[in-house]
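**Student:** Just passing along the structure, written as structure tokens.
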Amino acid sequence: MATPKTDPITLQVISGALRTIADEMAHVLYRMSFSSIIRESQDIGAGLFDVNFNTLTESEGSPLHIGSIPGYLRGIDKCLQGGEWKEGDVVIHNHPYYGASHSPDLCIVIPIFFEGEMVAFSSNTAHHVDIGAATPGLIIDIPDVFAEGMLFAGIKLYQAGERNDALWKFIESNSRVSRQLKDDIDAQIASARLGVKRFTELLEKYGRDTVLGAADELIDYTEKFMRSRISEIPDGEYRAEGFLDDDGRNRDERLPIKVCVRIEGDSLEVDLTGSADQVPTAFNVPFDGSTKPACYCAFRVLLMDTYTADYKMPPNEGSFKPIRVTAPKGSIFNPEFPAAAEARFTQCNRMIDLIIKALAPVIPDKVTAGNSATLSFAAYSGVKPGGDYWVFLEVNEGAYGGRPLSDGPDTIDNLMVNTRNNPIEDLGMHLPMICDRYEIRDDVMPGVGKYRGGLGVVKSQRLLSQGTCTHECERHYDVPWGFMGGGEGAVGKVEIYTHGSDGAPRSVPSKFSAWPLESGQGMSYYSPCGGGYGDPYERPPEKVVDDVLDGFCTVQHARDAYGVVLNERNDLDIRATNALRSTLRNQKT
Amino acid sequence: MARIGVDVGGTCTDLILETFESDSTGRGVFIHKVESTPQDQSIGVLNGIRQICETAGIKREEIDLIVHGTTVAANITLEHNGAEVGMLTSRGFRDILHIARHKRPHNFSLQFDVPWQSRPLVKRRNRIPVSERIFPPAGRIEEPLDEEETRAAAELLKSRGIKSIIICFLFSFLNPAHEKRAKQIVLEVIPDAYVSCSSEIANVIREYERFSTTAMNAYVGPKVALYLQHLEQKLQSEGITAKLRIMQSNGGVSTAEKCARESVSILMSGLAAGVIGGRYCGALSNAGNILTVDIGGTSADLSTIPDGNIKIKNSRDTYVGEYPVLTPMIDMTTLGAGGGSIAYIDEGGHFRVGPQSAGADPGPVCYARGGVEPTVTDAQVVLGRLDPEHFLGGNLSIDPGLAKKAITEKIAKPLNMTLEQAALGIIRIMNSNMSLAIRANSVARGYDTRDFSLMPFGGAGPLNGVALAREISAKEVIVPPAPGITAAIGLLVTDMKYEFTTSVPTLIGSAQQEDLDRINRVVDKLKTLCRERLLEDGIPENSHDFEQFAECRYRGQGFELRAEMPDGKLTSKNLKAIEKNFHAEHERDYGWRFNDVEVEIVTVRVIGVAKVEKLKWPRLEEGSGSPVEDAFMYERPTTFDDGETRVTPRYNRDKLRAGHAISGPAIVIQHNSTTMIPAGYRGRVQEFGNLHISEHHA
């Protein structure tokens, strides 16, 4: 029997309330937290979930966090301490083979009881700076999942309201920055408790059945919307492939990614069969917690683009339901225990970029040309004079490919990354580090096109005392593609430099683990630049001139790639431009 | 010594004139509205001043003071037509304004716009790096400023005809020497340039926000300065010699000269006045805890005033559009919900209201100006709550039939509802959105709305007051005496206010005497700056008041909160008071405190205040002599939120007297505003004319 539908007005009221609860949870978490990865980068997710682990609502935050919590909940279900949820429980969980996104993203879950019955979960995830892994902050070249640090599988920090002091004490002894870790976990608990409080208030106001009934209808609604968007894409198999630089240890082994999107009516499958086998380092992707949410994210950006939409969709499970994800066991997107799987982000971002590429021919108005599609994640660390560690995690930005109606944005977090940078001045005041350069990369040009690709960033960070650096990124070889006649973008690069030395900086691979740096040594990260969209000869000459004036393009490049001629005063020579463009067009045909 | 408050809004320019015994007219308060003149706001301002003087029968030269709330700065940011700005910045960091915080405005989007890249405050070609380096943590000069490069950069900008120039160097908040020197050089090259240094405009840590604030100042500054000069000249040529003061975003007024120089401080000018006016009206009947809800045609502005204290936004949240602007702003939320908000059914069959608005043109369907999408106002008309003959003071003829038709066809039929249900739904959805926003601005910040009075104003506020108060469990509704001109009232009750800040990162727990000395020196310096400004304004020293705050965080946190500093010099003894105040603030804002974590002072802020004599709102005549029935107009069927339609009396607010009480159901009509009192509620008129509405148990 179908339950009676909620009246349309109450439905809107509850929809708004759910969204507000998630936003409030996220607000408390990032405002209260200590580590810059949470407070500045906002590398978190928060929301409410039903007892079947469906997302009822979720906050804005970092896209990979959003959508991963159901995986955690399904995992906890298999390993929960005592096997049963009690009112007042607070569970901590991060086991990548029990649904976690990756081990540093600790999940806090509090069950919500109403009138003696468990009705939902309030939960959040946040990236923690250090959980006692083999190397400070980030890990790549490690043997197995046990080198990732503390693994929590459905453990209770509070058991029916009783604080588990032994566990807290254990946590305290197992992190390089234990104080920060503990306080940030406290911030997560405060956020989840607020979710419990607010959801309970909602249940009291409207009644359990009305609220849960409305939440289900909102899921159906979002699902229906997603299905109708999918059904607009012609049925068929759409494929694209690319490759990853290496696994962080075996430098010459490129790792293929193969994406096949199967559209079948109003549902679809992402099949990653043919992608690389799992690797012996931590460069694997947990299937439930990361591969799947990354696919969901791909279709949200493609089919539920919040910029082009007239109104907001309720953010819930409905957008995930029409999407099936397949990755063979033992592959890089579905590793088998006990493979390490901490450094998993950049593969996900590349996979999303390939989903976009695969579908570009059939939905050209919704895609981008090739994106930077990597993540530069850097961990700098050292030991203070007193013997304590300092660890600093930094996310560096990328650039977008050109788009159907606009240039690719420059120097901005790409696809599934969406964090805030840490202020250079804040860094300088608190850590033995200094930033030497932070600007638009000017050593290469982005992809040419009617709409050009975005320009990447260059960021140079230097240590002022001895320490180490671990870095993960990608795309030193596989260049972002152009689309519809647009040109290729540019690959990224990483260099180690010594301040004040005349020697050229040393080119290094995209990924390296715990490299020692002397005082005065630093790392420069150059992100890839996006590919172009559309015929460059169709780019309005005025925009090319603007790019020349702004230093995004040289005079020579304007002539060679765009057929735009500038005179010696850098003004547009429209007659010469028209003539050159027509010659170049003829040559092309 | 008469004075005028003049507040420019999108549609109307509102005025209030207060005259005193010494004036030719004797003591009095007059209010007036004229049409705004968006092309040049000063035309409307002048018209209004002329007319209100005429109405009051006062000579123009008797006007001593004009306080002005203006949207001129905000409009430049909305219309993107500010100055061409040039920038000198540290070599290696040319693109801080382009990179911003590297976070996208949208989480799930590929086609999103990046406003700071597509419409930069300073184009890259005009961002010129020069060699110089200041090092943290003490501000040591690592590399001296290259003066030749600086001069060459200034020459280049000069050759491009750029006169609005900013100087933004890294770590200048620690040591402004390079910025100051570069400014001298720029002024040598371009003597009439409008030059802003980041350490002058926002002397705080965090490069992007500081640079963005400085850029915004340079972007809006020249036009704002021109407008204010122009207005002063016009006033003079009309024989008005009054001093001109401008409302700032922080809820204080300042001189026109200062606002021309630091125009970034008046971006929220008009909005701030409304909140201050709301506080003032609450105080008229001794209500301290106020939630103001100013509902206009396209948007609603909400604020929380606990115990008469207007809250200032955390500087991490002060944005204008997508651009961070580090100037103190009154804490308020604006959301896209108002009388013009459009109701529609989306593709998935859901019933939605706003944020799209029919605006003033074509406006709601009932205006019969070509609007076809049903709006909130149309719903109110259909429910019989807005009487056509009194709509906007009777100045606009409306057609309820069109409203009925639109709601029936676009909402009721597709959702299989009655016309009434659909109209009630429109209003309920809008009020629900609005009450969530009120909660986010109050309950979520640790304030219990049950202790607050909700004060609705603006044209569309008082109609929804009771419904909103119920949604958020406020204890009562207070409708101010003149809901349409609350912001103008705010202008005549606002103190002069100047604020200065300096970053002095200090851990309280390990602070030595030298650290305290440094903070004391900074406080003294900031007080001197405030004092100088107030003296320049002709305020004698004995009228100066100072507030001082330490903006603190737990060591390692990224967000500061304001903690009150003890009066007088900071000593090792009273230092702990800052810590205590910060813990309390943190617990209120986040529901949590860390007693064992070190507290760090990041920035010291001093606010110099000169109290002004507040407007004296006239007492209302006692109603004992005349019965409330004198105010009765007529009665008409009206549908309330409970779905009941009742024949409901209308009362003329102008005829209500102090002490009068009206039991719901009732509608109170006044020029530009209509108040609804549902059954079970009673309205009581207070001595200054506030209408208090609360539940009434017979």
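The values are calculated or read from the model by the stated rules, or taken from the named source; none is laboratory data. Given the structure is predicted, the values throughout are model-derived calculations rather than measurements. Note: ideal-geometry Cβ built from the backbone for every residue, glycine included; neighbour counts use all protein chains shown.
**Student:** Kindly indicate whether any position in the range A:170-180 is in a helix (DSSP H, G or I), surrounded by fewer than 19 Cβ atoms within 10 Å (Cβ to Cβ) and at pLDDT 95 or above.
**Tutor:** The answer is yes, given that some residue of the range A:170-180 is in a helix (DSSP H, G or I), surrounded by fewer than 19 Cβ atoms within 10 Å (Cβ to Cβ) and at pLDDT 95 or above.
**Student:** Now for a separate question. Among (1) assigned to a helix (DSSP H, G or I); (2) buried (at least 18 other Cβ atoms within 10 Å of the Cβ); (3) free of Cβ contacts under 8 Å to residues at least 24 places away in the same chain, there is one condition B:Met417 misses while meeting the rest; what is its number?
**Tutor:** B:Met417 satisfies every listed condition except (1).
**Student:** Right, something else. Which of the residues spanning the range A:1-59 are outside any helix (DSSP H, G or I), among the hydrophobic types (A, V, I, L, M, F, W, C) and either at pLDDT 90 or above or out of contact with any helix residue (DSSP H, G or I) (no Cβ under 6 Å at 6 or more places or on another chain) (or both)?
**Tutor:** Within the range A:1-59, A:Met1, A:Ala2, A:Ile44, A:Ala46, A:Leu48, A:Phe49, A:Val51, A:Phe53, A:Leu56 qualify.
**Student:** How about the range B:302-317: which of its residues are within 24 Å of B:Ala202 (Cβ to Cβ) and buried (at least 23 other Cβ atoms within 10 Å of the Cβ)?
**Tutor:** Within the range B:302-317, B:Ser303, B:Ser315 meet the criteria.
**Student:** Out of the residues in the range B:425-454 meeting the condition of being assigned to a helix (DSSP H, G or I) and among the hydroxyl-bearing types (Ser, Thr, Tyr), tell me which one is farthest from A:Leu194 (Cα to Cα).
**Tutor:** The residue in question is B:Ser432.
**Student:** When the residues of the range B:112-132 are narrowed to those that are over 31 Å from the mean Cα position of the chain (by Cα) and surrounded by fewer than 20 Cβ atoms within 10 Å (Cβ to Cβ), which ends up farthest from the other protein chains (Cβ to nearest Cβ)? Break it down stepwise before answering.
**Tutor:** To start, the set of residues in the range B:112-132 that are over 31 Å from the mean Cα position of the chain (by Cα) comprises B:124-132.
Still in the list and also surrounded by fewer than 20 Cβ atoms within 10 Å (Cβ to Cβ): B:125, B:129, B:131.
On the way: B:Arg125: 4, B:Pro129: 8, B:Ser131: 13 Å.
Once the filter is applied, the top-ranked residue is B:Ser131.
**Student:** Check whether at least one residue in the range A:217-234 is buried (at least 19 other Cβ atoms within 10 Å of the Cβ) and closer than 30 Å to A:Leu157 by Cα, and report yes or no.
**Tutor:** Checking the range A:217-234: not a single residue is buried (at least 19 other Cβ atoms within 10 Å of the Cβ) and closer than 30 Å to A:Leu157 by Cα.
**Student:** For the range A:18-40, indicate whether the set of residues that are more than 10 Å from every other protein chain (Cβ to nearest Cβ), crowded, with 21+ Cβ neighbours inside 10 Å and of a type in the set (D, E, K, R) is non-empty.
**Tutor:** no
**Student:** Is it true that A:Ala298 is in a helix (DSSP H, G or I) and either of a type in the set (Phe, Trp, Tyr) or more than 24 Å from the chain's Cα centre (by Cα) (or both)?
**Tutor:** No: the conditions fail for A:Ala298.
**Student:** Filter the strands (runs of 3 or more DSSP E) completely within the range B:286-365 down to those with at least 1 residues that are over 30 Å from B:Ser254 (Cα atoms), among the basic types (Lys, Arg) and in the same structural domain as B:Glu547 (by TED's automatic domain parsing).
**Tutor:** none
**Student:** What are the residues in the range A:277-311 that are facing another protein chain (nearest Cβ under 10 Å), farther than 17 Å from A:Ile233 by Cβ and without any contact (Cβ under 8 Å) to a residue 60 or more places away in the chain, if any?
**Tutor:** Listed by number, the residues that qualify are A:Thr306, A:Tyr307, A:Ala309, A:Asp310, A:Tyr311.
**Student:** Can you give me the ranges of the strands (runs of 3 or more DSSP E) entirely in the range B:140-259 with at least 2 residues that are in contact with a strand residue (DSSP E or B) (Cβ under 9 Å, 6 or more places away or on another chain), touching a residue at least 40 places away in the same chain (Cβ under 8 Å) and among the hydrophobic types (A, V, I, L, M, F, W, C)?
**Tutor:** Passing ranges, in order: B:164-168, B:243-247.
**Student:** So, in the range B:445-459, how many residues would count as being crowded, with 20+ Cβ neighbours inside 10 Å, over 18 Å from the mean Cα position of the chain (by Cα) and not hydroxyl-bearing (Ser, Thr, Tyr)?
**Tutor:** The number of residues fulfilling the criteria is 1.
**Student:** Looking at the range A:480-494, can you tell me whether even one residue there is farther than 29 Å from B:Val130 by Cα, within 14 Å of chain B (Cβ to nearest Cβ) and out of contact with any Gly (no Cβ under 6 Å at 6 or more places or on another chain)?
**Tutor:** Yes, because at least one residue in the range A:480-494 is farther than 29 Å from B:Val130 by Cα, within 14 Å of chain B (Cβ to nearest Cβ) and out of contact with any Gly (no Cβ under 6 Å at 6 or more places or on another chain).
**Student:** Name the residue, out of A:Ile155, A:Ile131, A:Ile142, that is touching a strand residue (DSSP E or B) at 6+ places or on another chain (Cβ under 7 Å) and crowded, with 16+ Cβ neighbours inside 10 Å.
**Tutor:** A:Ile155
**Student:** Go through the range B:56-93 and give me each residue that's part of a loop (DSSP other than H, G, I, E, B) and not small (Gly, Ala, Ser).
**Tutor:** B:Ile58, B:Lys59, B:Thr70, B:Thr71, B:His80, B:Asn81, B:Glu84, B:Arg91, B:Phe93
**Student:** If I ask for residues that are closer than 18 Å to B:Thr11 by Cα, surrounded by fewer than 17 Cβ atoms within 10 Å (Cβ to Cβ) and of a type outside the set (D, E, K, R), which ones from the range B:345-367 would you list?
**Tutor:** Within the range B:345-367, B:Ala360, B:Pro362 qualify.
**Student:** Go through (1) buried (at least 20 other Cβ atoms within 10 Å of the Cβ); (2) in contact with a His (Cβ under 8 Å, 6 or more places away or on another chain) for B:Thr55 and report which single condition fails.
**Tutor:** Of the numbered conditions (1) buried (at least 20 other Cβ atoms within 10 Å of the Cβ); (2) in contact with a His (Cβ under 8 Å, 6 or more places away or on another chain), the odd one out for B:Thr55 is (1).
**Student:** Of the residues that sit in the range B:334-375 and are of a type in the set (Ser, Thr, Tyr) and touching a residue at least 60 places away in the same chain (Cβ under 8 Å), which one is farthest from the other protein chains (Cβ to nearest Cβ)?
**Tutor:** B:Thr334
**Student:** Same structure, new question: More than 10 Å from chain B (Cβ to nearest Cβ), in contact (Cβ under 8 Å) with a residue 12 or more places away in the chain and either under 23 Å from B:Glu587 (Cα atoms) or over 26 Å from the mean Cα position of the chain (by Cα) (or both): is that true of A:Thr6 in this structure?
**Tutor:** Working: more than 10 Å from chain B (Cβ to nearest Cβ): yes; in contact (Cβ under 8 Å) with a residue 12 or more places away in the chain: yes; either under 23 Å from B:Glu587 (Cα atoms) or over 26 Å from the mean Cα position of the chain (by Cα) (or both): yes.
Spelling it out, A:Thr6 is indeed more than 10 Å from chain B (Cβ to nearest Cβ), in contact (Cβ under 8 Å) with a residue 12 or more places away in the chain and either under 23 Å from B:Glu587 (Cα atoms) or over 26 Å from the mean Cα position of the chain (by Cα) (or both).
**Student:** Let me ask you something else. Which condition breaks for B:Ile411 when tested against (1) within 14 Å of chain A (Cβ to nearest Cβ); (2) in a helix (DSSP H, G or I); (3) surrounded by fewer than 20 Cβ atoms within 10 Å (Cβ to Cβ)?
**Tutor:** Among (1) within 14 Å of chain A (Cβ to nearest Cβ); (2) in a helix (DSSP H, G or I); (3) surrounded by fewer than 20 Cβ atoms within 10 Å (Cβ to Cβ), the lone unmet condition for B:Ile411 is (3).
**Student:** Those residues that are closer than 15 Å to A:Lys459 by Cα and surrounded by fewer than 21 Cβ atoms within 10 Å (Cβ to Cβ), I need them from the range A:491-505; list them, please.
**Tutor:** Once the filter is applied, which keeps residues that are closer than 15 Å to A:Lys459 by Cα and surrounded by fewer than 21 Cβ atoms within 10 Å (Cβ to Cβ), the range A:491-505 yields A:Glu495, A:Ile496, A:Tyr497, A:Thr498, A:His499, A:Pro505.
**Student:** Considering only the range A:386-440, state which residues are more than 8 Å from every other protein chain (Cβ to nearest Cβ), over 24 Å from the mean Cα position of the chain (by Cα) and in a loop (DSSP other than H, G, I, E, B).
**Tutor:** Selection gives A:Gly386, A:Gly387, A:Asp388, A:Leu431, A:Pro432.
**Student:** Right, here's the next one. Does any residue of the range B:10-28 turn out to be surrounded by fewer than 16 Cβ atoms within 10 Å (Cβ to Cβ) and aliphatic (A, V, I, L, M)?
**Tutor:** no
**Student:** Could you say which residue among A:Arg198, A:Arg208 is at negative phi and more than 10 Å from chain B (Cβ to nearest Cβ)?
**Tutor:** Details: A:Arg198 fails: more than 10 Å from chain B (Cβ to nearest Cβ).
None of the others qualify; the one that does is A:Arg208.
**Student:** Just to be sure before I move on: is A:Lys329 assigned to a helix (DSSP H, G or I), among the basic types (Lys, Arg) and either free of Cβ contacts under 8 Å to residues at least 40 places away in the same chain or surrounded by 24 or more Cβ atoms within 10 Å (Cβ to Cβ) (or both) in the structure I sent?
**Tutor:** Numbers: assigned to a helix (DSSP H, G or I): no; among the basic types (Lys, Arg): yes; either free of Cβ contacts under 8 Å to residues at least 40 places away in the same chain or surrounded by 24 or more Cβ atoms within 10 Å (Cβ to Cβ) (or both): yes.
No; evaluated as a whole, the condition is false for this residue.
**Student:** Also, I was wondering about something else. Scan A:Asp246, A:Asp252 and give me the residue that is at pLDDT below 95, farther than 30 Å from A:Ser15 by Cα and either among the aliphatic types (A, V, I, L, M) or not assigned by TED's automatic domain parsing to the domain that holds A:Leu218 (or both).
**Tutor:** Of A:Asp246, A:Asp252, the one residue that is at pLDDT below 95, farther than 30 Å from A:Ser15 by Cα and either among the aliphatic types (A, V, I, L, M) or not assigned by TED's automatic domain parsing to the domain that holds A:Leu218 (or both) is A:Asp252.
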